[in-house]
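The values are calculated or read from the model by the stated rules, or taken from the named source; none is laboratory data. None of these values were measured; they are calculated from a predicted model. Here the Cβ positions follow ideal geometry from the backbone for every residue, glycine too, while neighbour counts run over all protein chains shown. We work out accessible area using only protein heavy atoms, side chains counted, and drop any ligands, DNA or RNA first. Shrake-Rupley method; radii C 1.70, N 1.55, O 1.52, S 1.80 Å.
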Amino acid sequence: MNQQTERLGVLVERQLQLESGVADALDALNDEMAALLDNSGIYGPQQSDLQQLSPLMETLQHRQADSRKSRRILSRYVGAKATGGTDAADTPSEVDDRLTSIKTILATLPPAESKRLDASRRQLHDRLVAAQQRLTANQVVIFYSTEFHRRYLLGVLQCDVDEASYQADGQSFKLPTEKIIGRNC
């Protein structure tokens, strides 16, 4: 095995570790959001509760930025190798989209190492997809619970004219224009 191929395998492994860090940050955020939702009761989380998620969001953003930067560097390295350059700085700043795929990069490695890294890549991909789906579900629950209760109260009190609200029995309705002044407080 030549030294360039060994180095590429190490770089791919490091990239997968960075992306695993993104999955870890997503899992931590999901766990905190789920705990927040479990403890918030029927009225949903308060704005102050949601502020507790800020450090986890910052961690996730930093890890994503590091992963993206590393992926660009890896793509430039592979691009330099493909064009016969010696360094990642020899390639133009716009990298071919095909080269950013780890699956494409794995095809250039020896079969044994490629198979091992591809198994890690697939496992990481599945983990990221599951974490993203869970994050979306948590965000929907947070939005639904806060938005429903806001509209429910506005509908019961008949305070809002511009949008549909909810009656005490949970049925949706739009406040008629003649009820602009009248309110049940």
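The table for this structure:
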quantity: From Leu74, Leu8, Leu37, residue being at pLDDT below 95 and under 20 Å from the mean Cα position of the chain (by Cα); calculated: Leu37
quantity: Out of Ala65, Ala35, sole residue that is within 14 Å of Gln139 (Cα to Cα) and either open to solvent by less than 40 Å² (accessible area, probe 1.4 Å) or of a type in the set (A, V, I, L, M, F, W, C) (or both); calculated: Ala35
quantity: Residue within the range 49-64 that is part of a helix (DSSP H, G or I) and within 29 Å of Ala107 (Cα to Cα) present; calculated: yes
quantity: Residue match in the range 83-102 (condition: at pLDDT 85 or above, surrounded by 12 or more Cβ atoms within 10 Å (Cβ to Cβ) and more than 15 Å from Leu26 (Cβ to Cβ)); calculated: yes
